[in-house]
1. Would you check which residues across region 26-38 are over 11 Å from the mean Cα position of the chain (by Cα) and open to solvent by less than 60 Å² (accessible area, probe 1.4 Å) and list them?
2. Scan region 21-50 for residues that are of a type outside the set (A, V, I, L, M) and more than 24 Å from Val73 (Cβ to Cβ) and report the count.
3. What pairs come up if the first residue lies in region 2-21 and is within 18 Å of Arg94 (Cβ to Cβ) and among the β-branched types (Val, Ile, Thr), the second is open to solvent by 40 Å² or more (accessible area, probe 1.4 Å) and assigned to a loop (DSSP other than H, G, I, E, B), and their beta carbons are under 7 Å apart, counting only those six or more places apart or on different chains?
4. Evaluate region 45-52: report whether one residue or more is touching a Leu at 6+ places or on another chain (Cβ under 9 Å) and under 16 Å from Leu4 (Cα atoms).
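The values are calculated or read from the model by the stated rules, or taken from the named source; none is laboratory data. Remember, predicted model here, so these are calculated numbers, not experimental data. Every residue, glycine as well, gets a Cβ built from its backbone with ideal geometry; the counts of neighbours run over all protein chains shown. When the accessible area is computed, the model is the full protein with side chains, heavy atoms only, and any ligands, DNA or RNA have been set aside. Shrake-Rupley method; radii C 1.70, N 1.55, O 1.52, S 1.80 Å.
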Amino acid sequence: MDILYAQEKLGTAIYDLATSTGDIRHRLWQAYLRFHTLSEDYFPEELKATWNELSAMLEARDAIRNDRGEVIVGSVENTLESLSDDECSDIAKRIYNLYSELDRFE
């Protein structure tokens, strides 16, 4: 478990959410690119379920593939396109809350 790595990745994601231009979907995509390397292994036991819920929310839809089976739109991009502004806002709050919760484990 490397909490500092998770904090760094989520911290830069939150910065992107707050400062990037574009709508919430674009900002969530930019944030996701910052922390997509994380897995539950980077979190303490008490936060693994929270991480897994967040990941599941971002990957709720399958990737879109062409006739040859090649991915043309990834699952996260496809999911973000289907979400309402309120749902996107909820995901952004969850990213922030997970980041905040990591402070308890330093």
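1. none
2. Counting residues in region 21-50 that are of a type outside the set (A, V, I, L, M) and more than 24 Å from Val73 (Cβ to Cβ) gives 9.
3. Ile3/Glu106
4. Yes: region 45-52 contains one or more residues that are touching a Leu at 6+ places or on another chain (Cβ under 9 Å) and under 16 Å from Leu4 (Cα atoms).
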